[in-house]
Amino acid sequence: MSEPIPAPQAPSGPAHSTGNLLELNDIQAGYGRAAMVLRGLTIKVPAATVVCLVGPNGAGKSTVLKVASGLLRPRSGEILVGGRDVTGQGPQEMLSSGLAHVLQGHSVFREMTVAENVLLGAYTLRDKAKVAERVAFVQHLFPIVGERWKQLAGLLSGGQQKQVEFARSLMVSPQVVLLDEPSMGLDPKTTATVFEQVVRMRDAGVAVLLVEQNARRALETADIGCVLDLGRVHITGPARELLDDPQLSELYLGGRPAESALRKEG
Ligand SMILES: Nc1ncnc2c1ncn2[C@@H]1O[C@H](COP(=O)(O)OP(=O)(O)O)[C@@H](O)[C@H]1O
Ligand SMILES: [Mg+2]
């Protein structure tokens, strides 16, 4: 951790840019000797888009984000950021390539102020003017973060703390933010607010790869939906169309596990 990492820049690399900010192509990944969790997963995140990956508990959603942010090296497959091959990079390199990961669960330090929590995301930035610019940006995007700036984060509600986590992730000006189940533990009203903030992030120019168990609500928010099943993206398309598809709705959005129904096709 002694070496500061540079602020992310638009990757410049081989000329096979596809217009997608992030591509995971044909990824195989897993843990130790256990069976592979991801078995040929492909997912693409265009600019200014919320892509949502839905699937039941244990399907591998967090694993996808761990691969994207360099926490887990894929066994095979390719990771492209802005068309540049970043396969095999570790978490710090992925961060400097422009991928920020908001982990599943709660990562706010309750005994620290909102300011201290957000500024943790800026530890790689040396330029004070840049830090001030990013603080102004996140306070504008998430007004509650500005209003509670000097208060202890533990005094904030769950939904407000989630916004503190979002703000922290945006300090390094990522191109793509990876959000792991931001609705976890939140009531429906708070979940709606948090998803509104996800849309605000997109509208501010940050692409989002969102993974959610709360499939229906997430698809209502996202532009593109992907359904994870048996280690692959089984279906992908405009989120609205996925929501309106009666068979899909029955299989994936009614709260029933779908694996048995789809295994025959796998
Ligand atoms: N660190 C780990 N070591 C071993 N197995 C893991 C680890 N993390 C996740 N798994 C396994 O990988 C599978 C997918 O997990 P995960 O990606 O967390 O699913 P999801 O986020 O969709 O609930 C599960 O079977 C889980 O038990
Ligand atoms: Mg998970």
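The values are calculated or read from the model by the stated rules, or taken from the named source; none is laboratory data. In this text the structure is predicted, and so the values were computed from the model without any measurement. Here Cβ is always computed from backbone atoms with ideal geometry, including for glycine, and neighbour counts include all displayed protein chains. Calculation scope for accessible area: heavy atoms of the full protein, side chains included, ligands and nucleic acids excluded. Shrake-Rupley method; radii C 1.70, N 1.55, O 1.52, S 1.80 Å.
With R₀ set to 30 Å, the beta-carbon distance separating V199 from E93 gives a calculated FRET efficiency near 0.55. If Lys and Arg each add +1 and Asp and Glu each add -1, what is the summed charge of the other residues whose beta carbon sits under 14 Å from the beta carbon of L170? So the environment of L170 carries a net charge of +3. Within the same chain, lysines fewer than 8 places from K61 are excluded, and of the rest, those with a Cα less than 28 Å from its Cα are K44, K162, K189, K264. Of the GluC sites (Glu not before Pro) found in segment 81-117, those that fall in a DSSP loop while having at most 16 other beta-carbon atoms within 10 Å are E111. Ignoring trypsin sites (Lys or Arg not before Pro) that are buried or in helix or strand per DSSP, and keeping those with at most 15 other beta carbon atoms within 10 Å, what is the longest stretch of the chain between them? Formally, the longest exposed-site-free interval is 151-263.
Only one residue of C226, Q163, L141 has its Cα farthest out toward the positive end of the dipole of the chain, where Lys and Arg carry +1 and Asp and Glu -1 on Cβ, and that residue is Q163. Structural descriptor for segment 108-260: relative contact order 19 percent, calculated from alpha carbon pairs under 8 angstrom and at least 6 residues apart. Using the Cβ-Cβ distance between A136 and A47 with R0 set to 30 Å, the FRET efficiency works out to roughly 0.85. Quick check: net charge around V81, other residues with Cβ under 15 Å of its Cβ, Lys/Arg +1 and Asp/Glu -1? Here the charged neighbours net out to -2. Contact order for the chain, expressed relative to its length and based on alpha carbon pairs under 8 Å spaced 6+ residues apart, stands at 25 percent.
Of all aspartates and glutamates in the structure, the ones whose alpha carbon falls short of 19 Å from that of K150, not counting any fewer than 8 places away in one chain, are E111, E116, E133, E165. Charged neighbours of L155, selected by a Cβ distance under 15 Å, balance to +1 (K, R count +1; D, E count -1). Residues in segment 70-160 average 51 Å² of solvent-accessible surface per residue, probe 1.4 Å, ligands and nucleic acids excluded. In debye, nearest 20: dipole of segment 20-265 around its Cα centre with unit charges on the Cβ of K, R (+) and D, E (-)? Computed about the Cα centre, the dipole is about 540 debye. Computed over segment 127-255, the alpha-carbon pair-distance distribution with 5 angstrom bins reads 2, 10, 19, 21, 18, 13, 8, 6, 3, 1, 0, each value a whole percent. Computed from the alpha carbon positions, the gyration tensor of the chain leads to an equivalent ellipsoid with semi-axes of 29, 23, 16 Å, biggest first.
Only helical runs count toward this figure. For the chain, summing -39,500 (n - 2.57) over DSSP H runs of n ≥ 4 and dividing by all residues gives -9000 deg cm²/dmol at 222 nm.
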